[in-house]
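K.L.:
Structure below; questions to follow.
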Amino acid sequence: GRETIFPDSQVGADVDNDEAQYDLGVIFSSAVAGTITELRVFSVAGDLGAHTAWIWNTSDGTAFAGPYTWDFGGVTNWIYLDIPPVAIQAGNQYTVDITTGQGPMHDFAYIVGVLTDRGGNGIDLSYPASAGVFGGPSLNTMPNQSFAGNSYLRDIVFVPAGSSVDFPDMSVMGNGNFIPDGYSSPNATNNTDFGAASAGGGTADLSFVITNAGTAPLNLTGTPAVGITGPQAGDFKMITQPATPIPPGGTSTLTLRFAPSATGLRKALITIQNDDKNPFYFAVSGTGSMPFRMTSITPDLQTGNVTLQWQGPSQQFQVLRATSATGPFTPIGAPQPGTSYTDPGILKTNASAFYRIRY
């Protein structure tokens, strides 16, 4: 089956360093030839932004695979990055390296003294003494310095050559673009940024596709299948839960609704329990905008003027008028940036007037 250097039970404390980004790695080797299919890292909540990942030949410091850009953060757990399969040889030493992120404190996971002695995972993967290595502040060179056997919990997922075991392979896409595990920078390009919706009544719905590119069924093991946590979790709601299991080569869709309860930036964390990358995390956000509504309609019976005032989330508004409640409504003048309008003398020529504001 698949192997990793560290067990899932190995977790790290959150350490920060406000000086610079660093390359952090682990030296490892395998007793048999095989393929690296994924990178793994124990993420801590403050480890934010774009990271660069490499696999190096430890003996000569040359890049063996990468660079891979991995945007993650905001969670405290193991997370995974699919990479194109990378073949490694038996007995050679390699270094898996994932830089710290771009958060202001450059947080990373850290365990003192775990790698003081040589060891292994009890199957094919092993590591030398002082295998936890760091390098910097010059980035994207192989880390080769060690301190007191410390571990920075960089890891790989390895499949021995000749393995015939079938595995699921989960990925998530929004708007046709992949969302990495642990994704922390919501963006409209992959549907993780819902944009603006009126607070207290507006909604925005977006969909995501879970794909199983593996050779075994992918089981979504949570109840419900998709969970929502985070500071404004109540502003996000599952409209359509994905089906499970997802067959090899199959897909399933989930739909999420953003309904802000207040103005400003609203954030949540989507969690998908599964039997491949467990759990799979990504952040979502949206902006609660000022509700769009009329605030006053003031007639002046002496002049015949009608003054309208409203509030809304837009940069431009169009006033429309009709002589009956059912219309037809026609624009008055051009779109304008203001939130008030005076219709001069309308009540001198009409017994009543009806208005709509469009943004």
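K.L.:
Just the projected area, averaged over all directions, of the convex hull on the alpha carbon atoms of segment 87-130: how many nm²?
P.N.:
So the Cα hull casts an average projection of 4.6 nm².
K.L.:
Provide the net charge surrounding Asp124, with neighbours chosen by a C-beta distance below 12 Å and charges set as Lys +1, Arg +1, Asp -1, Glu -1.
P.N.:
0
K.L.:
A follow-up question, please. How much length would be gained if the chain were fully extended between Thr240 and Thr295, taking 0.36 nm per residue of separation minus their Cα-Cα distance, in nm to one decimal?
P.N.:
Contour length minus Cα-Cα distance gives 16.2 nm.
K.L.:
If you take the Cα atoms of segment 188-275, find Rg, then find the Kirkwood Rh from the mean of 1/r over all pairs, what is Rg/Rh?
P.N.:
Here Rg/Rh amounts to 1.03.
K.L.:
Something else: In deg cm²/dmol and to the nearest 500, what is the mean residue ellipticity at 222 nm of the chain if only DSSP H runs of at least 4 residues count, each as -39500 (n - 2.57), divided by the residue total?
P.N.:
After summing the helix terms and dividing by residue count, I get 0 deg cm²/dmol.
K.L.:
Over all Cα pairs of the chain, how is the pair count split among 10 Å bins, expressed in % and running from 0 up to the last occupied bin?
P.N.:
5, 21, 24, 18, 12, 8, 7, 4, 2, 0
K.L.:
What is the calculated FRET efficiency for Ala33 to Thr253, with r their C-beta to C-beta distance and R₀ = 51 Å, to the nearest 0.05?
P.N.:
So the FRET efficiency works out to roughly 0.85.
K.L.:
Additional query: When you have a sec, figure out the Kirkwood radius of segment 1-57 from all distinct Cα pair distances and drop it here in Å to one decimal?
P.N.:
With all distinct Cα pairs of segment 1-57 included, I get 14.1 Å.
K.L.:
At 1.002 mPa s and 20 °C, plugging the Kirkwood radius over alpha-carbon pairs of segment 142-239 into Stokes-Einstein gives what diffusion coefficient in µm²/s?
P.N.:
Calculated translational D: 122 µm²/s.
K.L.:
With a 1.4 Å probe and all protein chains kept in place, how do Arg40, Arg293 rank by accessible area, largest first?
P.N.:
Ranked list, largest accessible area first: Arg293, Arg40.
K.L.:
OK, next. Let me see the pair-distance distribution of segment 1-112: every alpha carbon pair, 10 Å bin width, integer percents in order.
P.N.:
14, 46, 33, 7, 0
K.L.:
Moving to a separate point now. Grab the other residues whose beta carbon is less than 12 angstrom from that of Gly136, score K and R as +1, D and E as -1, and report the net.
P.N.:
-3
K.L.:
Related question: Compute the whole-percent fraction of alpha carbon pairs in segment 132-186 spaced more than 16 Å apart.
P.N.:
When all Cα pairs of segment 132-186 are counted, 69 percent exceed 16 Å.
K.L.:
Remind me, relative contact order of the chain in percent, using alpha carbon pairs under 8 angstrom and six or more residues apart?
P.N.:
Result for the chain is 15 percent.
K.L.:
I've got another one for you. Roughly what would the spin-label model give for Ser324 and Gln102, points 7 Å off Cα along C-beta, in nm?
P.N.:
Each label point is offset 7 Å from its Cα along the Cβ direction, giving 5.8 nm.
K.L.:
Right, next: So what is the relative contact order of segment 228-359, in percent, for Cα pairs below 8 Å that sit 6 or more residues apart?
P.N.:
Reported as a whole number, the value is 18 percent.
K.L.:
Also, I was wondering about something else. Grab the other residues whose beta carbon is less than 14 angstrom from that of Tyr355, score K and R as +1, D and E as -1, and report the net.
P.N.:
After counting each charged neighbour, the total is +3.
K.L.:
Using only the alpha-carbon atoms of segment 158-311, report the extent along each of the three principal axes, biggest first, to the nearest angstrom.
P.N.:
On the principal axes, segment 158-311 reaches 91, 26, 25 Å in Cα extent.
K.L.:
Which order do Val86, Val32 take by accessible area at a 1.4 Å probe, largest first?
P.N.:
Of Val86, Val32, the descending order of accessible area is Val32, Val86.
K.L.:
Would you kindly calculate the mean projected area, averaged across all directions, of the convex hull enclosing the Cα atoms of segment 274-359, in square nanometres?
P.N.:
So the mean shadow area of the Cα hull is 8.8 nm².
K.L.:
Divide the volume of the convex hull of the Cα atoms of segment 97-179 by its number of residues and quote the answer in cubic angstrom per residue.
P.N.:
170 Å³
K.L.:
Could you give the size of the charge dipole of the chain about its Cα centre, using +1 on the Cβ of each K and R and -1 on the Cβ of each D and E, expressed in debye and rounded to the nearest 20?
P.N.:
My answer is approximately 1760 debye.
K.L.:
Amide H to amide H under 5 Å from Thr35: which residues, 5+ apart in sequence or cross-chain, H placed 1.01 Å off N in plane?
P.N.:
Ile88, Val159, Ala161
K.L.:
Here is a follow-up. Ignoring everything but the protein chains, give the 1.4 Å probe accessible area of Ile297 in square angstrom, nearest 10.
P.N.:
Around 100 Å² of this residue is reachable by solvent.
K.L.:
Next question. Carbon and sulfur together cover what percent of the accessible area of segment 33-119 at a 1.4 Å probe radius?
P.N.:
Ligands and nucleic acids excluded, carbon and sulfur reach 54 percent.
The values are calculated or read from the model by the stated rules, or taken from the named source; none is laboratory data. Please read these numbers as outputs of a predicted model, since none were measured by experiment. Neighbour counts are summed over all protein chains in view; Cβ atoms, including those assigned to glycine, are modelled from backbone coordinates with ideal geometry. Note: areas computed on protein heavy atoms with side chains; ligands, DNA, RNA excluded. Shrake-Rupley method; radii C 1.70, N 1.55, O 1.52, S 1.80 Å.
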